[in-house]
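Report on the structure given below.
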Ligand code: EZ4
Ligand code: CO
């Protein structure tokens with residue numbers, strides 16, 4: 001089965017998405033997500049200018065060979081732009097192979113390991129009382145796991161909190177600026193989680209995202225302070241370029257740790273996994289080289305009792321969500337899947353086979369990954385430049401991590 005065409009569809013139904021469509025001489029087509037939040041056109045150019053010309057005429061069934069060709073063959077390995085571009089090709093080819101087999105994608109990976117995929121949703125509030133309301137709302141909607149983010153007294157703008165409710169990660173045509181004060185955050189967060197746990201009772205999982213803002217020692221302090229609240233995980237407690245830094249956190253707290261939404265290859269998490277410095281690995285089918293590479297990461301993780309917890313924010317298109325849910329349905333060391341709700345416009349542009357029920361997402365049984373693209377509708381939403389915010393210290397305006 002030969003690849004006859006490979007082209008990009010860039011649209012912005014509420015936010016930007018880059019989609020790769022691969023067509024074959026047998027009439028089967030496949031879709032891959034190529035969206036890299038705030039850097040969308042870089043991936044589009046990498047694909048358009050350098051990858052797509054090499055695909056024409058290749059056998060669409062040779063997924064592994066094409067993956068190696070694009071990774072080893074490029075000489076320049078890894079990085080978010082490269083690995084997102086490879087992921088788009090990989091996802092589209094798995095979609096085609098599964099359609100050719102007439103099977104839902106999870107069947108090609110090894111079949112079903114679970115009846116559904118436990119997801120966590122977001123509850124964001126401007127203060128503790130507001131966040132308690134949001135957390136209870138999520139519980140009432142049937143979620144078994146809830147990520148809570150709460151405004152901090154004395155800080156004007158904190159990422160993901162705002163006025164509460166849902167947030168869009170890329171919120172402006174130039175980066176907006178948030179401010180940060182670690183002492184205020186560390187004072188407030190344990191009090192907030194005590195209130196959330198009290199309101200929820202013991203049976204619902206609670207999660208929290210630190211967005212890389214603490215030093216390892218501060219992260220250990222927070223982890224310890226949160227131990228009585230029994231978190232499912234504390235996410236991205238500190239930047240992870242230096243994987244050994246996590247030893248300092250691990251020695252001091254039993255609060256489980258999740259890391260990896262910004263990772264793009266197995267090399268970013270090799271030491272974290274092999275030294276059992278984390279509990280959950282958050283790499284995705286999108287930013288970490290597709291199903292072919294994510295499967296390799298999950299298999300390494302399984303040797304060390306590290307489970308998956310794939311990133312699933314709105315900047316990953318429904319195509320990534322569909323592919324991730326097939327992966328989650330199979331992967332033996334599954335932990336949890338993030339589920340942040342896409343806008344109604346996005347869901348209309350990407351008709352999909354997955355559905356939510358009682359705290360679980362179900363990938364559906366259609367052949368392939370089960371997500372399509374309405375190109376006519378997509379054309380009504382042209383690309384609009386948009387950025388993630390930046391984070392500065394309140395004290396003196398210096399740039400800070402996030
Ligand atoms: O900041 O998806 O866990 N979820 C997150 C998200 C990420 C965005 C980055 O593009 O941290 O909000
Ligand atoms: Co995160």
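Every read-out reported here was derived from the displayed coordinates using simple, explicitly stated rules and does not represent laboratory data. On a predicted model such as this, the values are computed, not experimentally measured, just so you know. Because the Cβ atoms are built from the backbone with ideal geometry, glycine has one as well, and the counts that use them run over all protein chains shown.
How large are Rg and Dmax for segment 308-363 when only the alpha carbon atoms are used, in Å?
10.9, 34
Can you work out the PRE-style zone for residue 358? Point 7 Å along Cα to Cβ, and I want the residues of segment 130-161 with backbone N under 13 Å.
142-144
Extension gain residue 112-residue 300, at 0.36 nm per residue separation less the Cα-Cα distance, in nm?
Here the answer is 65.7 nm.
For a test of the definition: using alpha carbon positions, the gyration tensor, and the 1.5 limit on a/c, classify segment 59-164 as rounded, prolate or oblate.
Numbers: a/c = 4.77, a/b = 1.81, b/c = 2.63.
Oblate is the answer for segment 59-164, as a/c is 1.5 or above yet b/c matches or exceeds a/b.
Let me have the 222 nm mean residue ellipticity of the chain computed from DSSP H runs of 4+ only, each contributing -39500 (n - 2.57), with the sum over all residues rounded to the nearest 500.
Numbers: 14 runs with 135 residues, N = 402.
The helix-only estimate for the chain comes to -9500 deg cm²/dmol at 222 nm.
Measure out, as a whole number of angstrom, how far apart the alpha-carbon centroids of segment 333-348 and segment 227-267 sit.
23
Set the Förster radius R0 to 41 Å, insert the Cβ-Cβ distance between residue 376 and residue 50 as r into 1/(1 + (r/R0)^6), and round the FRET efficiency to 0.05. Walk me through the numbers on the way to the answer.
Working: r = 29 Å, r/R0 = 0.70.
Computed FRET efficiency for residue 376 and residue 50 comes out at 0.90.
Regarding the chain, what's the average projected area of the Cα-atom convex hull, expressed in nm²? Don't skip to the answer; put the middle values down first.
Values: hull surface 72.5 nm².
For the chain, averaging the hull's shadow over all directions gives 18.1 nm².
Once the Cα gyration tensor of segment 244-362 is found, what semi-axes does its equivalent ellipsoid get, as square roots of 5 times the eigenvalues, in whole Å, sorted largest first?
Details: eigenvalues 147, 40, 34 Å².
Here the semi-axes work out to 27, 14, 13 Å.
Note the angle between two axes, namely the Cα long axis of helix 182-200 and the longest principal axis of the Cα atoms of the chain, as a number of degrees from 0 to 90, rounded to the nearest 10.
On a 0 to 90 degree scale, this one is about 80.
Report the full-extension gain for the segment residue 136 to residue 65: residue separation times 0.36 nm, less the Cα-Cα distance, to one decimal in nm. Display every interim value, and only then the final one.
Details: separation 71, 0.36 × 71 = 25.56 nm, distance 4.84 nm.
Additional length available on full extension: 20.7 nm.
Return the whole-Å distance between the Cα centroid of segment 272-332 and the Cα centroid of segment 64-99.
16
Answer rounded, prolate or oblate for segment 123-204, using the Cα gyration tensor with square roots of eigenvalues a ≥ b ≥ c: rounded when a/c is under 1.5, else prolate when a/b is larger than b/c, else oblate.
Here segment 123-204 falls in the oblate category.
Compute the long axis of helix 290-302 from its Cα atoms, compare it with the longest principal axis of the Cα atoms of the chain, and write down the angle in degrees, 0 to 90, nearest 10.
50
Reported to two decimal places, what Rg/Rh ratio describes segment 3-105 when computed on Cα atoms with Rh from the Kirkwood expression?
My calculation puts Rg/Rh at 0.96.
Please report, in whole Å, how far the alpha carbons of segment 16-67 spread along each principal axis, starting with the longest.
35, 19, 18
Angle, helix 318-330 long axis vs. longest principal axis of the chain, Cα atoms, 0 to 90°, nearest 10?
80
Provide the convex hull volume over Cα atoms per residue for segment 165-300, in Å³.
On the way: hull volume 18.9 nm³, N = 136.
Value for segment 165-300: 139 Å³ per residue.
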